[in-house]
Structure formats: C-alpha cells, structure tokens
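Peer 1: If you scroll down you'll find the structure; I have some questions about it.
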Amino acid sequence: MKRIIIIGTGIGGSGIGALINKNYKVDMKVFEQNKIIGGRCGSYIKKDDQDREWKFDVGCHIINACDKGPLGKILEKIRKSQEFKWSHTKNPGPRVNIMGMELRASGASRRKKKDKTKRSRPTLIHQIKEMPDDEIENWNYRSLKEFLDERLGNKNLLMKIMYSMQAGVMFGTSPKETSAGEYLKCTKLNAQTMSMGYPFGGCGAIPETFCEVISENGGNIYLGKEGKVKKIIVQDNGVIGVEAGPDSTFYEADIVIANSDIKTTVFKLVGEKYFDREYSNWIKNLKWGGQVCSLKIGIDKIITDQKMLTYVPKTEGIGNAFKAIEDELEDLDFKKMGIPEKSAQLIVPVSNHDPSLAPEGCQNIHTVTPTAFGKMVKWSKKDEDKWRECCINSLVSLWPEIEDHIVISDFISTSQLEVRFGKEGAGTGIAQSIDQVADKRPSKISPIEGLYFCSGDAGGWGIGTELAAQSALELWDYFEKNNII
C-alpha cells in the first residue's frame with residue numbers, strides 16, 4: 001500500500017487527495033498548518049454582537065465555470081457532483097460599473113440602444129468564444145495589451161479599461177504582463193459554459209467536500225499545530241517522509257505532494273542543496289501574481305440584488321489609475337503613490353447566492369482590491385488600515401447608506417495572507433504572465449523522486465481556485481497514465 005503525504009488542504013492539495021483516496025487504497029495523511037481547511041478558499045464562522053452567525057470566506061471569490069469547469073470535474077470523479085450545489089451568477093447577471101457607466105460583458109454601454117437597422121459586428125466576447133484552441137495557444141506568450149490593441153485599435157479606451165481590469169481581477173497582473181492566451185482560455189470557457197457562480201455553503205464547502213472524501217476513505221487530516229510540516233526528508237534524491245507537528249514527528253512516505261507554495265517547498269521544507277543551481281535560481285526568480293486585500297461586511301438590511309459587481313468608482317485623474325493600458329504597472333512605485341481613497345473592486349454579495357450565509361433580513365458582502373501588481377510591497381499596519389478604509393469608501397461610493405448598516409466586518413490584509421499562506425501575500429500563486437504560463441510554468445513533477453507540486457504554482461491554467469483544480473486534474477492524469485499509485 002502506497003504511503004502518501006499531502007502538505008496543505010487548499011484546492012490543489014485537497015483535490016488531488018480526494019481523487020487518489022476515492023479511487024485507490026492508500027495510506028494517506030494530509031497536513032494543514034491552519035485551523036481551517038481550504039487555504040485561500042477556506043470559510044469560517046464569525047459572530048456579531050447579537051451572537052448571530054455569519055459565514056465569511058478567507059478571500060473574495062467568484063468561480064468562472066462552477067460545475068462545468070475543473071472543480072466540477074473533480075466533484076464528478078469523486079462522485080460528489082450530484083449533491084454539491086452551485087448558485088449561478090444569473091438573474092441578475094454580472095454587472096460592470098466603470099466611473100458611473102454601466103457596461104455589458106461586451107463592453108457596450110447599457111445606455112446605448114441597439115440600432116437594429118445596422119448589421120452589428122460580433123462583440124469581442126463572441127469573437128473569443130469562437131476562437132480555435134490552436135489560435136488561442138499562439139497567444140500564450142503575447143500580452144493582453146497586444147491582443148486588445150489588435151482587436152480594439154487605439155480609440156476604445158473604455159473597453160480596454162474594462163478588459164484590463166477584468167484581467168487584473170482574474171490574475172492580479174497588468175495588461176502588459178498578462179498572458180493573452182491564459183486570458184482567452186478562461187474567457188472562452190466562461191462564454192461557452194455561462195456557468196459563473198458561487199458554491200452553496202461558502203467557498204470553503206469545496207475543499208471541505210474534498211477532505212470529507214479523504215476522511216471517508218480512511219485518510220487522516222491533521223490541522224493546526226499537529227498539521228504543521230517542518231521538513232520534507234530527502235535521501236538519495238528521493239523523498240522518504242516528513243517531519244511534522246510540535247514534536248517534529250517523522251512520518252514515512254513513498255510520495256509527498258506539496259500544496260504548500262513552491263518557493264517555501266523548495267527552499268524551506270526541502271532545502272536548496274537538494275536541487276541544482278539552475279533549477280533553484282529559476283524557482284527563486286519566479287514572480288507571484290498581484291497582492292490583494294479583502295473585506296467582508298455584514299449589514300442589517302438588504303441593499304442590493306446583485307450577485308457580482310465589477311466596480312470602478314469615479315475618482316480624480318481616473319486615466320492615471322489605468323496607466324497599465326500604456327505603461328507597465330510593475331514600474332510604478334506603489335509605496336510612493338500611497339493608498340487611494342477609493343479603488344477598483346470585485347464585489348460579491350455572497351448571501352444573494354446562499355441566504356444561509358447571513359442572518360435573516362441581512363446581507364453578507366465580500367469585496368477584494370489589488371494592492372500591488374508585478375512586485376511585492378511590504379505595507380505597514382497603518383497602510384493596511386488605510387486599505388481597509390479604501391475598501392469601505394469604495395462601497396460607500398456605490399451605496400452611500402451602507403456604512404450606517406455595518407454590524408460586523410473582517411479584513412484580510414496582505415500581511416495576514418503572507419503569514420497564513422505564504423507567497424508574500426499574493427492573491428493566487430505564480431503569476432500567469434507571458435513568461436510563466438504553459439511550457440514556461442513550473443512542472444508538477446519535481447526533480448526529486450516522489451515529490452510533486454499541486455497548487456496554483458505548478459502546471460494548470462484558470463482563475464484562482466480553478467487554476468489549482470486544473471493542477472490537481474493534470475497531476476491525477478499523470479499518476480493514472482504512469483501507474484504511479
């Protein structure tokens with residue numbers, strides 16, 4: 001019987017664990033250093049002053065393809081798809097508001113009426129939906145800015161802003177560094193499936209379901225102090241186990257799958273001496289996706305019927321805020337620029353997807369904003385307090401009365417993300433930039449025998465949770481084809 005150890009219960013770790021444990025008889029142990037399951041996709045309960053329960057997610061999520069994407073495929077393979085419930089972002093559908101102007105997914109203003117006497121040109125989204133896969137692959141190592149310039153020309157700045165901001169929300173990268181191929185694959189999947197949405201029970205329900213399958217099939221899951229892996233033990237260029245827990249107990253393993261971030265795995269858990277210099281330098285120089293902070297608020301009234309809103313408030317000099325259209329965001333000095341009064345937001349009123357996530361008559365709203373692109377910034381505690389205010393101000397600019405109705409809130413700062421999940425506070429994992437996608441992305445198979453990577457840092461494609469889920473599916477296919485288990 002194979003002895004398998006998984007480090008981390010994020011989507012990649014819990015997903016590959018469920019796939020293996022559902023289909024093979026193995027001795028599986030899963031280690032999670034946090035007290036809750038799911039990493040950035042975890043959920044937790046918080047009580048307000050009236051002792052009412054609110055369910056918040058660690059991050060702010062909307063799932064690109066839900067049951068018709070890689071998460072749905074994993075649920076199918078572990079035979080949980082029939083009982084897992086999704087809420088799709090329809091009726092109303094996704095809303096885009098830029099500087100007070102309502103836009104459709106195509107980028108057209110809602111205030112414009114269609115002239116039915118004219119033959120309309122296919123929208124950019126329709127063009128993407130019909131693009132052949134091989135044409136999309138040709139865009140992998142070219143930038144989103146190049147693609148938008150080619151398809152939209154030099155005049156339609158507003159549409160460029162919308163698509164660039166969308167890519168920033170999806171990948172945390174600027175238009176000049178975002179892989180157009182990665183953007184096109186994700187957008188095509190969304191346009192074809194029309195299944196964007198959110199899971200009932202909060203985002204944590206996904207990794208929790210994966211971990212239930214692991215436990216139901218004999219796997220052991222260690223959380224908190226018991227689940228902290230201190231070292232991956234390597235002998236003769238192969239893994240033999242890990243040291244974990246408060247007493248650094250040794251656990252034997254034939255296979256170790258690291259859902260921990262790739263830099264921590266290579267340099268702290270294994271050790272640089274076990275890798276050749278070229279590989280170590282490559283891993284060291286990989287860039288993370290953009291940094292983010294997220295705010296969760298509970299309000300004591302129903303303020304919106306929306307299920308998802310991409311929002312850019314009206315601000316002074318808005319053109320400068322989208323310098324990424326013409327210049328590199330990573331060249332900007334974010335510290336020097338300071339924290340804006342208001343910023344672009346992805347807003348998900350999660351209780352409009354699942355009313356059980358808020359007390360009756362109340363509303364649970366999650367929002368996320370980028371705090372840096374292309375480089376990691378060490379924000380001070382004072383700065384992070386300002387980022388929280390920035391999130392509040394942005395919501396107030398959309399719903400002026402909201403501040404008077406907040407009864408509970410929780411703010412996850414960049415530094416908190418770094419402490420809990422590593423990656424210097426990045427929102428996802430290794431950036432999906434033109435030099436870090438497809439064949440230029442780290443492999444799921446490490447140079448050390450028996451050590452594999454399964455996360456948003458190795459292989460895969462997709463947005464956030466789906467990137468990690470795709471990594472799990474690809475590793476599963478590799479195990480199956482090569483009779484690894």
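Nothing in this text is a laboratory measurement; each read-out follows from the coordinates by a stated rule. Computed from a predicted structure; not experimentally measured. Glycine gets a Cβ as well: all are built from the backbone with ideal geometry, and neighbour counts include every protein chain shown.
Peer 1: Taking the beta-carbon count within 10 Å as an exposure proxy, list 385, 133, 49, 254 from fewest neighbours to most.
Peer 2: 49, 133, 385, 254
Peer 1: Going 7 Å from the Cα of residue 356 toward and past its Cβ, which residues in region 39-81 have a backbone nitrogen under 16 Å from where you end up?
Peer 2: Correct set: 43-46, 53-57.
Peer 1: Summing Lys, Arg as +1 and Asp, Glu as -1, what charge do residues with Cβ under 12 Å from the Cβ of residue 384 carry, residue 384 excluded?
Peer 2: +1
Peer 1: Using a Cα-Cα cut-off of under 14 Å, which aspartates and glutamates could be cross-linked to residue 284, ignoring same-chain neighbours fewer than 8 residues away?
Peer 2: 261, 272, 276, 424, 457
Peer 1: Also, I was wondering about something else. Over 22 Å between Cα atoms, which of 378/423; 2/225; 296/382 qualify?
Peer 2: Going by Cα-Cα distance, 2/225 fall outside the 22 Å limit.
Peer 1: Here is a follow-up. Can you compute the modelled spin-label distance between residue 243 and residue 377, with each label point 7 Å from Cα toward Cβ, in nm?
Peer 2: 3.9
Peer 1: Within the set 55/231; 47/90; 185/444; 301/381; 176/228, which residue pairs have Cα atoms separated by over 28 Å? Could the numbers behind the result be given before it?
Peer 2: Details: 55/231 34 Å; 47/90 30 Å; 185/444 20 Å; 301/381 31 Å; 176/228 38 Å.
Over 28 Å apart, Cα to Cα: 55/231; 47/90; 301/381; 176/228.
Peer 1: For region 121-193, what is the per residue volume of the convex hull drawn over the alpha-carbon atoms, in cubic angstrom?
Peer 2: Once divided by residue count, the hull of region 121-193 is 83 Å³.
Peer 1: For the chain, what is the mean residue ellipticity at 222 nm derived from helices alone (per DSSP H run of n ≥ 4: -39500 (n - 2.57); sum divided by total residues; nearest 500 deg cm²/dmol)?
Peer 2: Values: 14 runs with 142 residues, N = 485.
For the chain, the value works out to -8500 deg cm²/dmol.
Peer 1: At a 10 Å Cβ-Cβ cut-off, how would you order 95, 79, 151, fewest neighbours first?
Peer 2: Fewest-to-most Cβ neighbours within 10 Å comes out as 79, 151, 95.
Peer 1: Here's another thing I want to ask about it. I'd like the Karplus ³J(HN,Hα) series for region 400-412: coefficients 6.51, -1.76, 1.60, θ = phi - 60°, whole numbers in Hz, and an x wherever there's a Gly or Pro.
Peer 2: x, 7, 5, 4, 6, 10, 6, 10, 7, 8, 8, 10, 9
Peer 1: When only C-alpha pairs under 8 Å and at least 6 residues apart count, what is the relative contact order of the chain, in percent?
Peer 2: 24
Peer 1: What is the local net charge at residue 217, summed over the other residues whose Cβ is closer than 14 Å to its Cβ (Lys, Arg +1; Asp, Glu -1)?
Peer 2: The answer is +4.
Peer 1: Further question: Quick check of the Kirkwood formula: for region 157-248, what is the inverse mean of 1/r over all pairs of different Cα atoms, in Å?
Peer 2: In region 157-248 this quantity evaluates to 17.8 Å.
Peer 1: Obtain the nm distance between the two label points defined at residue 102 and residue 45 by a simple spin-label model: each point lies 7 Å from its Cα along the Cα-to-C-beta direction.
Peer 2: 3.9
Peer 1: Say each of residue 52 and residue 129 gets a label point 7 Å from the Cα, pointing the same way as Cα to Cβ; how far apart are those two points in nm?
Peer 2: The answer from the label model is 4.0 nm.
Peer 1: What ³J(HN,Hα) values, in whole Hz, does the Karplus curve 6.51 cos²θ - 1.76 cosθ + 1.60 give for region 76-84 when θ = phi - 60°, with x put for Gly and Pro?
Peer 2: Running phi through 6.51 cos²θ - 1.76 cosθ + 1.60 with θ = phi - 60° gives 4, 5, 9, 6, 10, 5, 5, 9, 8 Hz.
Peer 1: If you don't mind, another one. Compute the distance from the alpha-carbon center of region 421-440 to that of region 380-403, in whole Å.
Peer 2: Region 421-440 and region 380-403 have Cα centres separated by 27 Å.
Peer 1: Continuing with this model, one more query. Give me 421, 171, 267 ranked fewest to most by other Cβ atoms within 10 Å of their Cβ, as a rough exposure proxy.
Peer 2: Listed from fewest to most nearby Cβ atoms, that is 267, 421, 171.
Peer 1: While we're here: Can you give the extra length, in nm with one decimal, that the chain gains between residue 268 and residue 250 once fully stretched, where that is 0.36 nm per residue apart less the Cα-Cα distance?
Peer 2: Additional length available on full extension: 4.8 nm.
Peer 1: Here's a follow-up. For a quick check: with amide H placed at 1.01 Å from N, whose amide H comes under 5 Å from residue 230's, ignoring anything fewer than 5 positions away on the same chain?
Peer 2: Those qualifying (amide H under 5 Å, at least 5 residues apart or on another chain) are 243, 244, 245.
Peer 1: What area, in nm² and to one decimal, does the C-alpha convex hull of the chain cast on average over all directions?
Peer 2: Values: hull surface 94.0 nm².
In nm², the orientation-averaged hull projection of the chain is 23.5.
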